[in-house]
1. Being out of contact with any strand residue (DSSP E or B) (no Cβ under 9 Å at 6 or more places or on another chain) and either of a type in the set (V, I, T) or surrounded by fewer than 16 Cβ atoms within 10 Å (Cβ to Cβ) (or both) is the requirement here; does A94 meet it?
2. Go through segment 46-59 and count every residue that is more than 19 Å from P108 (Cβ to Cβ) and touching a residue at least 12 places away in the same chain (Cβ under 8 Å).
3. Return the only residue of R58, R80 being open to solvent by 10 Å² or more (accessible area, probe 1.4 Å) and modelled with pLDDT under 95.
4. Tally up the residues in segment 114-141 that are within 17 Å of the chain's Cα centre (by Cα) and not in a helix (DSSP H, G or I), please.
5. So which residues in segment 38-70 are over 22 Å from R97 (Cβ atoms), touching a Ser or Thr at 6+ places or on another chain (Cβ under 9 Å) and part of a helix (DSSP H, G or I)?
6. Taking the conditions exactly as written (open to solvent by 20 Å² or more (accessible area, probe 1.4 Å) and either in contact with a Gly (Cβ under 9 Å, 6 or more places away or on another chain) or outside any strand (DSSP E or B) (or both)), does S73 satisfy them or not?
7. Give segment 1-37 a look and list any residue that's open to solvent by less than 50 Å² (accessible area, probe 1.4 Å), in a helix (DSSP H, G or I) and farther than 19 Å from I86 by Cα, or say none.
8. Which residue is farthest from the chain's Cα centre (by Cα), if the candidates are limited to segment 97-110 and must be open to solvent by less than 30 Å² (accessible area, probe 1.4 Å) and touching a residue at least 40 places away in the same chain (Cβ under 8 Å)?
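The values are calculated or read from the model by the stated rules, or taken from the named source; none is laboratory data. Computed from a predicted model, the values in this text were never measured in an experiment. Note that each Cβ is placed from the backbone with ideal geometry, even for glycine, and that neighbours are counted across all protein chains shown. Protein only, heavy atoms only, side chains kept; ligands, DNA and RNA dropped before computing areas. Shrake-Rupley method; radii C 1.70, N 1.55, O 1.52, S 1.80 Å.
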Amino acid sequence: MKTIGLASDHAGFELKQFVKAYLETNGFPYTDFGTYTTDSCDYPDYAHPLAGAVESGRVDAGIALCGSGNGISMTLNKHRGIRAAICWNRELAALAREHNDANVLVLPARFIDRDTAAEIMAAFLSVAFSGGRHRTRVDKIAVTGQPAAE
């Protein structure tokens with residue numbers, strides 16, 4: 001059973017409540033790293049703890065939400081062990097897992113409805129990384145300290 005870490009800002013809070021219900025219904029335990037209200041807040045305050053939990057193995061994967069998905073995704077992807085993917089449909093979520101081994105699903109809360117969120121989560125939580133030629137590419141994502149090519 002995968003444990004899923006959750007994080008959102010105020011814009012993602014209401015959809016995150018739906019995400020929790022979806023996870024419970026489908027037998028996925030979760031840890032909620034906040035926020036816990038619709039009061040205005042800063043997404044990095046919740047993204048960083050989620051990223052740390054994924055990197056350490058405390059949770060197996062994550063689902064993060066903010067209004068557009070951009071800010072929380074940018075924050076998550078600052079972490080070396082995180083591959084956060086913004087997905088607004090089922091196909092993107094499946095490809096993020098299959099080709100990119102995404103370990104955090106980012107939902108743009110202001111741009112998708114609950115039915116779409118459910119379809120996206122179903123794909124993200126069921127599709128496996130295909131490895132093979134994609135493994136080489138994923139391995140190149142981590143920063144190596146090499147200067148950028150000119």
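1. On the way: out of contact with any strand residue (DSSP E or B) (no Cβ under 9 Å at 6 or more places or on another chain): yes; either of a type in the set (V, I, T) or surrounded by fewer than 16 Cβ atoms within 10 Å (Cβ to Cβ) (or both): no.
The answer is no for A94.
2. Count: 8.
3. Every option except R80 fails the conditions.
4. Count: 4.
5. The answer is P44, D45, Y46, H48.
6. So S73 does not fit the description; no.
7. Passing the criteria: only A21.
8. Across segment 97-110, the extreme among qualifying residues is A109.
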